[in-house]
Amino acid sequence: QVQLVESGGGLVQAGGSLRLSCAASGRTFSSYTMGWFRQAPGKERESVTAIRWDGGTYYADSVKGRFTISRDNAKNWIYLQMNSLKPEDTAVYYCAADVNYSASSRWYSAGSMNYWGKGTLVTVSS
């Protein structure tokens, strides 16, 4: 199966920046839809951003304009550039993949993903 490994989490002050990375296995990585999700203490897991195999993107309203998802198909990596971080961004961030060309109207959602990483903790201090 596909293996996903996140890295780059840590402690950062509000207003700062951080970049998360996710290394993925798979010969056909370029055909995967990839996403970033997060779960804060006491809250449900939510979709942060996702990028389709064709380059289409989704961003949650809460991160639009601050976060950017990108992918490097040659390296089988995706990235999450996080700028202007806020304390409410504090959460465990998970990388996920859909390898099945999902045509769902909610293609970016957790239910569309087939594989998940273990997560990396991001803590934003005020």
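The values are calculated or read from the model by the stated rules, or taken from the named source; none is laboratory data. This is a predicted model, so every value here is computed, not measured. We place every Cβ from the backbone using ideal geometry, glycine too, and count neighbours over all the protein chains shown. The protein model used for the area step is the full one, side chains on, heavy atoms only, and it has no ligands, DNA or RNA in it. Shrake-Rupley method; radii C 1.70, N 1.55, O 1.52, S 1.80 Å.
The figures follow:
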{"item": "Amide H within-cut-off set for LEU85, under 5 Å, with H built and near neighbours excluded", "result": "GLY15, GLY16"}
{"item": "Added length on full extension, which subtracts the Cα-Cα distance from 0.36 nm per residue, GLN13 to ALA103", "result": "28.5 nm"}
{"item": "Full-stretch length increase - GLU46, ASN83 - with 0.36 nm per residue and alpha-carbon distance subtracted", "result": "11.5 nm"}
{"item": "Inter-site label distance for GLN39 and GLN3 at 7 Å from Cα along Cβ, in nm", "result": "2.2"}
{"item": "Share of carbon and sulfur in the accessible heavy-atom surface of the chain [1.4 Å probe, %]", "result": "46"}
{"item": "Per residue solvent-accessible surface (Å²) - the chain, probe of 1.4 Å", "result": "52"}
{"item": "Chymotrypsin sites (Phe, Trp or Tyr not before Pro) within the range 73-120: DSSP coil, no more than 15 neighbouring Cβ in 10 Å", "result": "TYR101"}
{"item": "Within the chain, percent of DSSP bridges classed antiparallel, to nearest 5", "result": "90"}
{"item": "Kirkwood hydrodynamic radius over Cα pairs of the range 7-55, then Stokes diffusion coefficient at 20 °C and 1.002 mPa s, in µm²/s", "result": "162"}
{"item": "ASP54-LYS118 FRET efficiency (beta carbon distance; Förster radius 35 Å; 0.05 resolution)", "result": "0.80"}
